[in-house]
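Asker: This is the structure I have questions about; it appears just below.
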Amino acid sequence: MRNLLALTRNETLKVLRKRRFFVVILILLILIPTFVYGQYTTEQRLLAKVGTTDWRAQLQQQITDQEHRMQSPALPDEQKKIMQLQVEQQKYYLDRNINPKATGATTFTRFFMQYGVSLFLPLLVIVIATDIVSSEHSEGTIKLLLTRPVKRWKILLSKYLTLLIYTTLTVMITMVACYAISGLFFGFQGWDAPMFTGFQISGGTFDASQVKVLPHWQLLLMNYGLGWISTIVVATLSFMVSVLVRGTAAGMGVMLAVLIGGNILVQLAADFPIAKYIFTSHLRLTDYVNGTPLPIPDVTLPFSLCILGLWLVGGLIVSFITFTRRDVLA
Amino acid sequence: MNSRTEVFLLTRTSPAVALSVQGLQKTIGKRTIIRNVSFDVHQGEVFGFLGPNGAGKTTTIRMIVGLIAPTAGRICIGGHDVRSEFIEAMRNVGCIVENPELYKYMTGWQNLEHFAAMLGDVTDERIQEVVQLVKMDARIHDKVKTYSLGMRQRLGIAQALLGRPKLLILDEPTNGLDPAGIRELREFIRKLAAEEGLAVFVSSHMLAEVQMMCDRVAILSGGEIVKVTSVEEIVANGVNRVEWNVEPVETARRVLAEALGADNVQQIAATKLIASLTQTETASLNEKLIGAGVSIYSVTVQNQLEELFLEITGGESIA
Ligand SMILES: Nc1ncnc2c1ncn2[C@@H]1O[C@H](COP(=O)(O)OP(=O)(O)OP(=O)(O)O)[C@@H](O)[C@H]1O
Ligand SMILES: [Mg+2]
């Protein structure tokens, strides 16, 4: 155990000293402010067009309209419940003088994960993941690493733990940086705004029976939790590729092709039966809590988690078997 | 006690054998690269592993340190089987396989710390000690990418010595060293063997180098051991070019031709004859010459290590 700790410390130090994690953070620190600024200018332009004062009146009007419609006896109970929730949400904004159409730091941070989870975050993760084993081969240091009195599986496990640490850090830093930077532009308010979650599509129809109201910060954490699961799966599969190939560039190439190919597949051929079993189709786990339907039909959160779990376990098995048995020839 | 346990105890407790290789074989694809290689390396000796390019030295070393699995055969380090008791076996070994590749983006010291952590029980004082041993104090806190090849070799050796191994394995360690560096390394290796009782296993493709550094040598050619002997024996039985400065030259020529065949004896100057023969033959021929009344002014023996090496290894080019 002490041994594993020392090994993991070695590996984390190597990633730090190699400056790979710096690159990841640098990318985040350049891209997030760019997106924030883009969003900010769009909103300013919109504001100039629409005018600042009339959103309260509009919102008040909406609430009255909706309350009116809820009186109708023809309305099904399901529908009524949703409208009730929407009214509550609108009242919240009105009471706190927040324009619901304007972005807050919480919304921006959530959107960043929602849109980044299928491609942007995986790309960040593979920077470290594809390098962590293959570089030992390409630099020849594997010969020293594997001739020390330590079992091979322990060395690989320490590398995997290191990867988990940096992947988790990447997700956390993304959240903190998004919130901090966007908060400067949009304000930090709105974190306790009531949000809906639990929309379902069952049998092709909209099912609102599971709809719940959550404070926004909880929804945000759910998004980041699910996004974390997706990135861990991508990290594990990149790790496997890193074990299988001998160079970082080759590993990056393979993972880029897989990720981009997978994204295209989901968009072009979502009802292709095999698409359901490919991990890239399930990376947008966040869609389940945000109420936007997943691009592939007839899937549920447990099903997606199962598929991702199988890929993760498969990737680990291949990695460990290959690494512990393979001849180190070059 | 039955005979099985007796054999077991013998191999386990005999302290003299640091490395034992038995019936080693490696087949990659359809090619058999190593064929039935066996030898023992004893504690306190410098053991040379000599062979031309492509003979299979590096492949054998990779098997010894557990980087690749043998197709057949058994390797024991300090009595521990490398396959079944990897950890115990590797505790006794320090090695450099081919080039001393270390982490270029870290300093020499950080590299040593890295490998010390893998061993578990190495103190900072020990790291300092090995740094001084290989005379790297001045540059140890610089990044390895700024080191010259010779400095990397030194750092590689420092790394190999960290865990106070009983067996040191060096694959062509003089690669990239200047003459002063080679000499220093040679003396260093001899010192380690003599003073600390280390067994040192050195691969090389130069007989002259092995002759100066090693006690015993295994000669490898085309993946097979040609012989395992002491270096003196090879030189003594190998063919040398001998030059006699004698008078009268005709008598001498007749005596030599009688013993060695007329083709072998050549006159290169008024009083000078040359012939190819072994060291032992040289002594007996000198007696015969004197017996025949020939005055010998001088006898020059030129070690023809290169030819000797080619002869032993069959002079083949890369297999
Ligand atoms: N990965 C491999 N696949 C197939 N054959 C290999 C492989 N690696 C080495 N060989 C072959 O094994 C033989 C021995 O190679 P090895 O590297 O052990 O030689 P060596 O004695 O160390 O030579 P050198 O003095 O050049 O370092 C060579 O014929 C080589 O072609
Ligand atoms: Mg070699």
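The values are calculated or read from the model by the stated rules, or taken from the named source; none is laboratory data. It should be emphasised that the depicted structure is a prediction, and the values quoted were computed from it without experimental measurement. Because the Cβ atoms are built from the backbone with ideal geometry, glycine has one as well, and the counts that use them run over all protein chains shown. Side chains are part of the model used for accessible areas, which takes the heavy atoms of the whole protein and leaves out ligands, DNA and RNA. Shrake-Rupley method; radii C 1.70, N 1.55, O 1.52, S 1.80 Å.
Asker: In segment B:200-214, which residues are away from ligand 1 (no atom under 13 Å from the Cβ) and open to solvent by 50 Å² or more (accessible area, probe 1.4 Å)?
Answerer: Once the filter is applied, which keeps residues that are away from ligand 1 (no atom under 13 Å from the Cβ) and open to solvent by 50 Å² or more (accessible area, probe 1.4 Å), segment B:200-214 yields B:Q211, B:M212.
Asker: Let me ask something else. Looking only at residues that are near ligand 1 (Cβ under 8 Å from one of its atoms) and away from chain A (no Cβ under 14 Å) in segment B:32-53, which one is farthest from B:I225 (Cα to Cα)?
Answerer: So, considering only residues that are near ligand 1 (Cβ under 8 Å from one of its atoms) and away from chain A (no Cβ under 14 Å), the one farthest from B:I225 (Cα to Cα) is B:N53.
Asker: Okay, next question. Quick one: in segment B:260-279, which of the residues that are outside any strand (DSSP E or B) and in contact with a helix residue (DSSP H, G or I) (Cβ under 6 Å, 6 or more places away or on another chain) is most open to solvent (accessible area, probe 1.4 Å)?
Answerer: Only one residue fits best here, namely B:Q279.
Asker: Let me ask you something else. For the subset of segment A:71-126 comprising residues that are more than 19 Å from A:A180 (Cα to Cα) and of a type in the set (F, W, Y), which member is nearest to the chain's Cα centre (by Cα)?
Answerer: A:F120
Asker: Now, a different point. Name the residue that is nearest to B:A69 (Cα to Cα), counting only residues in segment A:317-330 that are assigned to a helix (DSSP H, G or I), touching a residue at least 40 places away in the same chain (Cβ under 8 Å) and open to solvent by 40 Å² or more (accessible area, probe 1.4 Å).
Answerer: A:T324
Asker: Quick check on B:A55: is it in contact (Cβ under 8 Å) with a residue 24 or more places away in the chain and either surrounded by 20 or more Cβ atoms within 10 Å (Cβ to Cβ) or in a loop (DSSP other than H, G, I, E, B) (or both)?
Answerer: It is true that B:A55 is in contact (Cβ under 8 Å) with a residue 24 or more places away in the chain and either surrounded by 20 or more Cβ atoms within 10 Å (Cβ to Cβ) or in a loop (DSSP other than H, G, I, E, B) (or both).
Asker: Which numbered condition trips up B:S84, out of (1) surrounded by 18 or more Cβ atoms within 10 Å (Cβ to Cβ); (2) farther than 12 Å from B:I169 by Cα?
Answerer: Unmet condition: (1).
Asker: Hey, another quick one. It is to be established whether one or more residues within segment B:125-135 are within 13 Å of another protein chain (Cβ to nearest Cβ) and surrounded by fewer than 20 Cβ atoms within 10 Å (Cβ to Cβ).
Answerer: No, there is no match, as no residue in segment B:125-135 is within 13 Å of another protein chain (Cβ to nearest Cβ) and surrounded by fewer than 20 Cβ atoms within 10 Å (Cβ to Cβ).
Asker: Going through B:R31, B:R126, B:R91 one at a time, which residue ends up being more than 16 Å from ligand 2 (Cβ to nearest atom), assigned by TED's automatic domain parsing to the domain that holds B:N175 and free of Cβ contacts under 8 Å to residues at least 12 places away in the same chain?
Answerer: After ruling out the rest, the residue left standing is B:R31.
Asker: Residues that are within 14 Å of another protein chain (Cβ to nearest Cβ) and more than 16 Å from ligand 2 (Cβ to nearest atom): list the strands (runs of 3 or more DSSP E) wholly contained in segment B:152-223 that include at least 1 such residues.
Answerer: Strands (runs of 3 or more DSSP E) meeting the threshold: B:167-171.
Asker: Same structure, new question: I'd like to check something: does segment B:70-79 contain any residue that is touching a residue at least 24 places away in the same chain (Cβ under 8 Å), open to solvent by less than 10 Å² (accessible area, probe 1.4 Å) and more than 16 Å from ligand 2 (Cβ to nearest atom)?
Answerer: yes
Asker: If you don't mind, there's one more thing I want to ask. Can B:N36 be described as at negative phi, at pLDDT below 95 and either within 13 Å of ligand 2 (Cβ to nearest atom) or more than 18 Å from the chain's Cα centre (by Cα) (or both)?
Answerer: No, not satisfied.
Asker: Filter segment B:79-100 for residues that are more than 8 Å from every other protein chain (Cβ to nearest Cβ) and in a loop (DSSP other than H, G, I, E, B) and give the result.
Answerer: Passing the criteria: B:G79, B:V82, B:R83, B:S84, B:E85, B:N92, B:P100.
Asker: What number of residues within segment A:68-95 are part of a helix (DSSP H, G or I) and open to solvent by 70 Å² or more (accessible area, probe 1.4 Å)?
Answerer: Residues meeting the conditions: 10.
Asker: Separate question: Could you check, for segment B:101-115, whether at least one of its residues is more than 10 Å from chain A (Cβ to nearest Cβ), farther than 17 Å from A:I142 by Cα and open to solvent by 40 Å² or more (accessible area, probe 1.4 Å)?
Answerer: Within segment B:101-115, none of the residues are more than 10 Å from chain A (Cβ to nearest Cβ), farther than 17 Å from A:I142 by Cα and open to solvent by 40 Å² or more (accessible area, probe 1.4 Å).
Asker: Let me ask something else. Would you check if A:L184 is of a type outside the set (F, W, Y) and open to solvent by 40 Å² or more (accessible area, probe 1.4 Å)?
Answerer: yes
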